[in-house]
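> Take a look at this one; I'll ask things after.
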Amino acid sequence: MEKAGKLKRKMDQANKLINSLADNKARWIESSQMFKDTKNRLVGDVAKASAFISYCGPFNADFRTLLNETYFSNDLKERNIPFTEQFSISDFLVDAVTIGEWALQKLPTDDLSIQNGIMVTRSTRYPLMIDPQGQGLTWIKEREPLMKQYDTVITLNVPNLRESLKMPLENGYPVLIESIENEVDPLLDPVLEKQYIVKGGRKKTIILGGGEPLDFDEKFNLYMTSRLPTPISCQNWQRRPLLSTLPSPKVVWSSSFSGV
């Protein structure tokens, strides 16, 4: 009788396990289908995110939404590429923990600011922020404490721009160039275009202003800000990623920039 009781208890436990697995079967099937659908839409979602980072930086929140929800979506539909209808750039490219870190660094938590934060951190080019209210400037200074430590917050009017860039380039420090107006010093072109010279397969150097080659550290980063609400368009600006931190509905830039 004791053995029969043990056997019955084991059978009861086995039945409970089987029943619990059966209850989860529907959930597993649903999760599997959701994963399949997400995978099917991934190409379209990545295309929208890439287009957003590449072309939407110069525009305000309303025009960014128009481009993302109308023009980009219509283009994908014409090409029969599946994508997520209720697509959120912020949810797709950044998580809540990162947004929380940015908030601690004094970045506003509205959608436009989060989008700008994504473009600053995800773009492979050095960004220029159209920032009349100084929100982006404040965030960058909080985000990059080495700027204060090594005094790498400068303007284009610094007496010797090449010398100001030498130490950050060679040691991988971040640099912030404030108050850019209508032109960028041509000395910056090799940096902005990333015209590096690779030696020995690994070591990189860069030439600024025709001087001796400077060593280049991969950790180097460059940020630029402008207080002008509508900077004048010129050839020099066409190669710079532009970000608008304006909360107003005004479109601050009328041309797009190329690539990421």
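Just so you know, all these numbers are worked out from the coordinates, no wet-lab data involved. On a predicted model such as this, the values are computed, not experimentally measured, just so you know. Heads up, the Cβs are rebuilt from the backbone with ideal geometry, glycines too, and the neighbour counts pull from every protein chain shown.
> I need the Debye-formula profile for segment 1-160: one equal scatterer per C-alpha, no solvent, reported as log10 I(q)/I(0) at q = 0.13, 0.20 1/Å, two decimals.
At q = 0.13, 0.20 Å⁻¹ the computed log10 ratios are -0.78, -1.28.
> Another question, then. Could you list Leu128, Leu93, Leu7 in order of exposure, starting from the residue whose Cβ has the fewest other Cβ atoms within 10 Å?
Fewest to most other Cβ atoms nearby, the residues stand as Leu7, Leu93, Leu128.
> Considering the dipole of segment 90-149 built from charges on the beta carbon (Lys and Arg +1, Asp and Glu -1) around the Cα centre, which of Leu107, Pro145, Ile118 is farthest to its positive end?
Result: Pro145, furthest along the dipole toward the positive end.
> Report the net charge of residues surrounding Ser164, where surrounding means a beta-carbon distance below 13 angstrom and charges are Lys +1, Arg +1, Asp -1, Glu -1.
-3
> Now a separate question. Rounded to a whole number of µm²/s, how large is the Stokes-Einstein D of segment 1-93 at 4 °C and 1.567 mPa s, given Rh as the Kirkwood radius over C-alpha pairs?
So the translational diffusion coefficient is about 76 µm²/s.
> For Asp215 paired with Lys6, estimate the spin-label separation in nm (one decimal), with each label point 7 Å from Cα along the Cα-to-Cβ line.
7.3 nm
> List the residues of segment 201-226 whose backbone N lies under 15 Å from a point placed 7 Å from the Cα of Lys166 along the Cα-to-Cβ direction.
206-216
> At 0.36 nm per residue, minus the direct Cα-Cα distance, what do Arg227 and Ala47 gain on full extension? Give it in nm, one decimal, please.
Full extension of this stretch gives 61.6 nm more.
> Still on this model: Sticking with the crude label model, points 7 Å out along Cα→Cβ, report the distance from Thr109 to Thr138 in nm, one decimal please.
1.5 nm
> Right, here's the next one. Note the full-extension length gain between Gln195 and Ile207 as 0.36 nm times their separation in residues minus their Cα-Cα distance, in nm to one decimal.
Length gained between Gln195 and Ile207: 3.5 nm.
> Sorted from fewest to most neighbouring beta carbons within 10 Å, what does the list Ile140, Ile154 look like?
Ile154, Ile140
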